Amino acid sequence: MANHSYPILCASFNQDFSLFAIATRDGFKIFDSSTGRLCYEQAIGAFTIVEMLFSSSLLAIVGAGEQPSLSPRRLCLFNTTTGHPLRELNFLTSILAVRMNRKRLVVLLQEKTYVYDINSLTILDTIDTAPNLKGLCAFSPSLDGCFLALPACTTRGSVLLYNVMELQSHCEIDAHRAPLVAMVLSSNGMYIATASEQGTIIRVHSVSEATKSYSFRRGTYPSTIFSLSFGPSMEIPEILVATSSSGQSSPQKLKKKRSRRSNSFLGSMMLESVTDALDPAHHNVLHNAAPAGVKSYAVIRKVDKITDPSISETLACRVTISILTYNGYFQDYILSINNQDEFLWSLARGFNLLLDDAICS
């Protein structure tokens, strides 16, 4: 749920990170991620959920309850072209999260999750879940490998993975000893990254095999992980970024190694060992990405690989990381990684989301 001490009540990107939305007590706005241009706004009251469906005109919005007409128990499917609601769904308790793709609509309550056909709004399944007060979840929007991840327990960091297209549980992963605070699925549904309340270790698991593939230390001291994001890879995710209450943004390059097991796709690729991941050379942290203690949300919008055609080898990559802070700022950073895995940060632009005349700089 939103923390009402911040001017921004919620922030979200669409499924391909081309647009992002913010909501305040006055209404919500949608921006173009590449240009910072304001694309749409509605000043109709406070919202805690604004979810987009790619670049379509369909929004799923949930009120904060500060106005009688904007109940936190009512989901409104809203058309930005007409400016009018399409359908409404009412629930007995507050809606904590909403996720969508072109076939499914997922609605999370504290102890139940509902799966709908997004076109007919026919309810397809109801999942009884462990108490999920924060509405923690992860969703891979691809129709192939479309998984929903939910906390499976309140006392330890176990994850329930559910196949949203096949409408059945896939597996349960025991990822951490402490309860979960953040998780993300890669867009293709191949990998899930998780962080616990302790906030020092982030783990990556293979979804198909339910096995740990990668692990790295975010820091020595406990910190609250606010967000995790994979790079938009079509194969194995290569970049993972985290934001935390320390105000740092921590990227990791998930390097691939050849394995002797070549009888399967997953077996033919093996990620770096835990020992390598804990090496100080991997801690290329961006300090002061957000004020310490202020909630932040980072996504990897784009990864451009630089190759040498003469040897057909990738020598470097250029990563665009966008960071939204709940005190009202948007920043785009360029992370350049050379073939020695040396990281170089640069601020591309930034602006205040709360100013009426905000212009990218």
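The values are calculated or read from the model by the stated rules, or taken from the named source; none is laboratory data. All values reported here derive from a predicted model rather than from experimental measurement. Because the Cβ atoms are built from the backbone with ideal geometry, glycine has one as well, and the counts that use them run over all protein chains shown. Ligands, DNA and RNA are stripped out before the accessible areas are found, and what is left, the full protein with its side chains, is counted by its heavy atoms. Shrake-Rupley method; radii C 1.70, N 1.55, O 1.52, S 1.80 Å.
When residues of the range 307-340 are filtered for being at pLDDT below 95 and open to solvent by 50 Å² or more (accessible area, probe 1.4 Å), how many remain?
Of the residues in the range 307-340, 11 are at pLDDT below 95 and open to solvent by 50 Å² or more (accessible area, probe 1.4 Å).
Among the residues of the range 100-125, which ones are closer than 17 Å to Ser169 by Cβ and either open to solvent by 60 Å² or more (accessible area, probe 1.4 Å) or not aliphatic (A, V, I, L, M) (or both)?
Arg104, Glu111, Lys112, Thr113, Tyr114, Leu124, Asp125
Just one of Phe78, Phe31 is of a type in the set (Phe, Trp, Tyr) and touching a residue at least 40 places away in the same chain (Cβ under 8 Å); which is it?
Residue meeting the stated conditions: Phe31.
Give the residues of the range 59-83 that are hydrophobic (A, V, I, L, M, F, W, C) and either assigned to a loop (DSSP other than H, G, I, E, B) or open to solvent by 30 Å² or more (accessible area, probe 1.4 Å) (or both), sorted by residue number.
Ala64, Leu70
Looking at (1) more than 28 Å from Leu124 (Cβ to Cβ); (2) open to solvent by 10 Å² or more (accessible area, probe 1.4 Å); (3) not charged (D, E, K, R), which one does Ser187 not meet, given that it meets all the others?
Just one mismatch for Ser187, condition (1).
What is the number of the single condition among (1) touching a strand residue (DSSP E or B) at 6+ places or on another chain (Cβ under 8 Å); (2) surrounded by fewer than 18 Cβ atoms within 10 Å (Cβ to Cβ) that Glu209 does not meet?
Single failed check for Glu209: (1).
Among the residues of the range 24-58, which ones are in a strand (DSSP E or B) and of a type in the set (Lys, Arg)?
Matches in the range 24-58: Lys29 only.
What strands (runs of 3 or more DSSP E), lying completely within the range 148-252, carry at least 2 residues that are out of contact with any Cys (no Cβ under 7 Å at 6 or more places or on another chain) and at pLDDT below 90?
It comes to 211-217.
Among the listed residues Leu136, Leu160, which satisfies the condition of being within 18 Å of Ser12 (Cβ to Cβ) and either surrounded by fewer than 18 Cβ atoms within 10 Å (Cβ to Cβ) or touching a residue at least 12 places away in the same chain (Cβ under 8 Å) (or both)? Quick ask: steps written out before the conclusion?
Values: Leu160 fails: within 18 Å of Ser12 (Cβ to Cβ).
None of the other options fit; the residue is Leu136.
Going by what's in this entry, would Leu86 be described as open to solvent by less than 40 Å² (accessible area, probe 1.4 Å) and out of contact with any Lys or Arg (no Cβ under 7 Å at 6 or more places or on another chain)?
The answer is no for Leu86.
Anything in the range 64-104 that is among the basic types (Lys, Arg) and over 27 Å from Ala182 (Cα atoms)? List them, or say none.
Arg87
Do we find that Ile49 is closer than 20 Å to Pro68 by Cβ and at pLDDT below 95 in this structure?
no
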